[in-house]
Amino acid sequence: MDYADLLQPKIQEFILKNTSSDPHRLLLKHREICGVDIREIVSQILSRKKAQHKLPDWYAAEQVLWPPLLSMEQCSSETAARLKSGIAQGKSLIDLTGGAGVDTYYLSQEFSKVHYIERNKDLAQLTAHNFRILEASHIQCHNVDAEVFLSQLKEQQDWIYLDPARRDKSDTDKKVYHLSDCEPDINKMLPELLDKAKNILLKTAPLLDIDSVTSTLKQVSKVYVIALQNECKEVLYHLSRTTESEPELISIHVPKKGAVQEFRFLRSEEKKLSPSDYHFPLTYLFEPNSALLKAGAFKSIAERFSLHKLHRHSHLYTSETYREGFPGRAFRIEQTLRYHKKDIRKALPSGKANITIRNFPVSVQDIRKKTGLKEGGDDYLFATTLHDGQKAILHCIKMD
């Protein structure tokens with residue numbers, strides 16, 4: 001299909017008008033509009049709707065064309081892409097796995113010369129159009145395999161960016177646990193990558209084990225674990241030619257409200273620390289954000305903020321005094337309850353609570369079924385196990 005057909009004024013007007021329409025009704029009502037298959041137009045509507053909150057800058061621009069919904073779901077959000085532009089800066093950048101171009105676009109704002117590489121012809125054509133619409137004229141687009149482009153590259157680059165995809169793209173539900181499951185093969189390409197660029201920024205899914213990746217690649221200088229609204233989204237590995245020491249681990253969490261939470265540590269420091277000082281619940285409860293948990297700073301966070309841990313496997317911390325700047329959520333503990341319906345309902349006359357499970361043998365749904373508690377309200381319950389093996393329900397109020 002020629003994507004230029006989608007730019008016809010009547011089609012663009014239809015897309016804007018039907019952003020909130022039921023796509024199934026549109027498919028039943030229309031076969032084509034201005035000679036364009038309604039399925040292509042509905043695809044644009046669905047992807048544009050996905051972009052409303054994920055890519056607000058692009059959503060607000062006129063005549064942006066949208067990739068298929070799967071590409072929209074897999075691409076970085078504007079927030080995550082902007083974080084990358086705070087990591088990589090210089091004169092020249094190559095994005096070897098361009099895709100929908102979101103990372104390329106935001107990274108390009110820190111570079112004067114950028115190459116976008118994408119082997120899928122349709123996606124490369126669509127993205128090149130979007131770069132023109134977004135006035136990113138310094139991005140040069142190339143419809144070619146990453147390996148081919150790299151082999152023909154003569155000039156030294158400041159940065160090369162890669163976001164390898166899973167090899168078996170037909171199975172969209174398949175989880176990826178190893179770099180060897182992805183393409184292009186970063187292990188095979190690494191010597192050539194480091195020969196042609198001073199720095200490499202590699203993006204992986206959170207499921208990949210960080211220590212396994214750093215052990216395999218060797219040249220990692222920094223690891224960034226990115227979480228948005230307490231959902232771990234991606235892990236970034238900064239590789240460079242001059243790496244001599246162990247990589248620094250940096251967890252970055254962007255909450256819905258408030259300042260960005262950042263925590264830095266070394267794996268060797270984490271391993272050297274003594275086991276956490278366990279204690280029964282005190283006045284305050286602290287729950288680390290998902291980026292910090294993925295990074296594995298379990299003892300470092302306790303040491304840095306002078307906290308006690310409730311249990312080795314609970315990853316909940318407590319203190320008699322409030323700790324300003326803790327990278328996660330903080331609560332005041334109102335009372336420690338037994339896992340008994342009568343005790344819990346007595347403590348919550350409103351019949352509502354936000355429930356979290358940490359190292360507890362039953363699910364949130366089981367607790368709601370047993371107690372009859374509804375979701376919501378200002379009360380928080382943490383169902384967890386204490387260091388003596390006791391099962392407990394911590395009734396808390398969230399700190400601002």
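For the stretch 190-240, trypsin sites (Lys or Arg not before Pro) meeting the loop criterion (DSSP other than H, G, I, E, B) and having at most 16 other Cβ atoms within 10 Å: 218.
When the pairs 154/198; 309/341; 91/233; 256/299 are compared against a 18 Å limit on Cα-Cα distance, 309/341; 91/233; 256/299 fall above it. Annotation: aspartates and glutamates with alpha-carbon distance below 15 angstrom to residue 374 (same-chain offsets under eight excluded): 366. Counting only Cα atoms, the size of the stretch 288-400 along its three principal axes is 39, 29, 24 Å, in decreasing order. On a per residue basis, the stretch 55-147 carries 41 Å² of accessible surface, using protein heavy atoms and a 1.4 Å probe. Neighbours of residue 16 by Cβ distance under 12 Å: Lys/Arg scored +1, Asp/Glu scored -1, total +2.
Label-to-label distance, residue 120 versus residue 387, with points set 7 angstrom from Cα along the beta-carbon direction: 5.1 nm. Each of residue 7 and residue 269 was given a label point 7 Å from its Cα along the Cα-to-Cβ line. The distance between the two points is 5.2 nm.
Here the extension length gained between residue 212 and residue 17 equals 65.3 nm, from 0.36 nm per residue of separation less the Cα-Cα distance. Expressed as a whole percent, the accessible area of the stretch 265-379 that falls on carbon and sulfur atoms is 49 (1.4 Å probe).
Measuring nothing but how far apart in sequence close Cα pairs (under 8 Å, 6+ apart) lie, relative to its length, the chain scores a relative contact order of 8 percent.
Take the Cα radius of gyration of the chain and divide it by 2.2 N^0.38 Å, N being the number of residues; the result is 1.15. Take the chain and mark each of the GluC sites (Glu not before Pro) that is in a DSSP loop with at most 11 other Cβ atoms within 10 Å; the longest unmarked stretch, sites excluded, is 156-243.
For the stretch 77-120, just say rounded, prolate or oblate: build the C-alpha gyration tensor, square-root its eigenvalues into a ≥ b ≥ c, call rounded for a/c under 1.5, and beyond that prolate if a/b exceeds b/c, oblate if not. Because a/c hits 1.5 or more and a/b fails to exceed b/c, the stretch 77-120 counts as oblate.
Among beta bridges from DSSP that stay inside the chain, the antiparallel ones total about 60%. Using a 1.4 Å probe on the protein heavy atoms, what percent of the accessible area of the stretch 1-83 belongs to carbon and sulfur? Percent of accessible area from carbon and sulfur atoms in the stretch 1-83: 50. Counted by Cβ distance under 14 Å from residue 358, the other residues give a net charge of +3, where Lys and Arg count +1 and Asp and Glu count -1. Legend: residue pairs 346/398; 222/391; 54/121, Cα-Cα distance threshold 30 Å; pairs beyond threshold, 222/391. Per residue, the chain reaches -9000 deg cm²/dmol at 222 nm when only DSSP H runs of four or more residues are counted, each adding -39500 (n - 2.57).
Any chance you could run the full-extension gain for residue 73 through residue 32? It's 0.36 nm times the residue separation minus the Cα-Cα distance, nm to one decimal. Between residue 73 and residue 32, full extension yields an extra 12.2 nm. Full extension of the chain segment joining residue 140 with residue 183 gains 13.2 nm, where the gain is 0.36 nm per residue of separation less the Cα-Cα distance.
The values are calculated or read from the model by the stated rules, or taken from the named source; none is laboratory data. Predicted model only: the values in this text are computed from it and were never measured. Neighbour counts run over all protein chains shown; Cβ positions are idealised from the backbone, glycine included. These accessible areas exclude ligands, DNA and RNA; they are computed on the full protein's heavy atoms, side chains included. Shrake-Rupley method; radii C 1.70, N 1.55, O 1.52, S 1.80 Å.
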